[in-house]
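First the structure, in the form of structure tokens, and then the observations on it.
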Amino acid sequence: MDQQIINGNMKALLLAQQGEVDAVLMYNKLAEVVGEKDAAVFRKFAAEEGRHASVFHNYTKTRLKPKKTKSVLIPLLYWTIGRERTYKLIADGEYSAAERYKTLVCTFQDVVDVMNDETRHGDTVKALI
């Protein structure tokens, strides 16, 4: 792929990569506080988000560290506002990520699978409610 194309999209690629890296930590932390059935789903999502981060890393060649904000906030919300409302927030976040990735799909074909996974994650979390 042309380096100019990558450079022109670097900000979006780095934001996407950061979101995926953050989601790995968030889902693993959430899996520690939810019931076992839901925990299995979230551990699977964490692994998938890690693969997504790798897709973006292939373009950015930048190693990013997870920001802990969501990994602290989401389990806290689970305990304070409840499972249903927290899961709705998570599903909405997954759908938003899929929407943002639409702009990258035209240029980076392998982001299609990432985008589709994000939509599936949103659907799966909604089904858990």
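The values are calculated or read from the model by the stated rules, or taken from the named source; none is laboratory data. On a predicted model such as this, the values are computed, not experimentally measured, just so you know. Every residue, glycine as well, gets a Cβ built from its backbone with ideal geometry; the counts of neighbours run over all protein chains shown. These accessible areas exclude ligands, DNA and RNA; they are computed on the full protein's heavy atoms, side chains included. Shrake-Rupley method; radii C 1.70, N 1.55, O 1.52, S 1.80 Å.
Pairing each residue of the range 109-129 that is of a type in the set (D, E, K, R) with any residue that is open to solvent by less than 50 Å² (accessible area, probe 1.4 Å), provided the two are 6+ apart or on different chains, yields C-beta distances under 6 Å for 110/55; 117/48; 118/94; 118/97; 118/98; 126/91.
Just one residue in the set 40, 53 is part of a helix (DSSP H, G or I) and under 12 Å from the mean Cα position of the chain (by Cα); that residue is 53. Of the residues making up the range 69-82, at least one is under 22 Å from residue 11 (Cβ atoms), open to solvent by 40 Å² or more (accessible area, probe 1.4 Å) and in contact with a helix residue (DSSP H, G or I) (Cβ under 8 Å, 6 or more places away or on another chain). Among the residues of the range 1-21, those identified as under 23 Å from the mean Cα position of the chain (by Cα), of a type outside the set (Gly, Ala, Ser) and assigned to a helix (DSSP H, G or I) are 6, 7, 10, 11, 13, 14, 15, 17, 18, 20, 21. Does residue 83 meet the test of being touching an Asp or Glu at 6+ places or on another chain (Cβ under 9 Å) and farther than 30 Å from residue 5 by Cβ? When the stated conditions are applied, residue 83 passes them.
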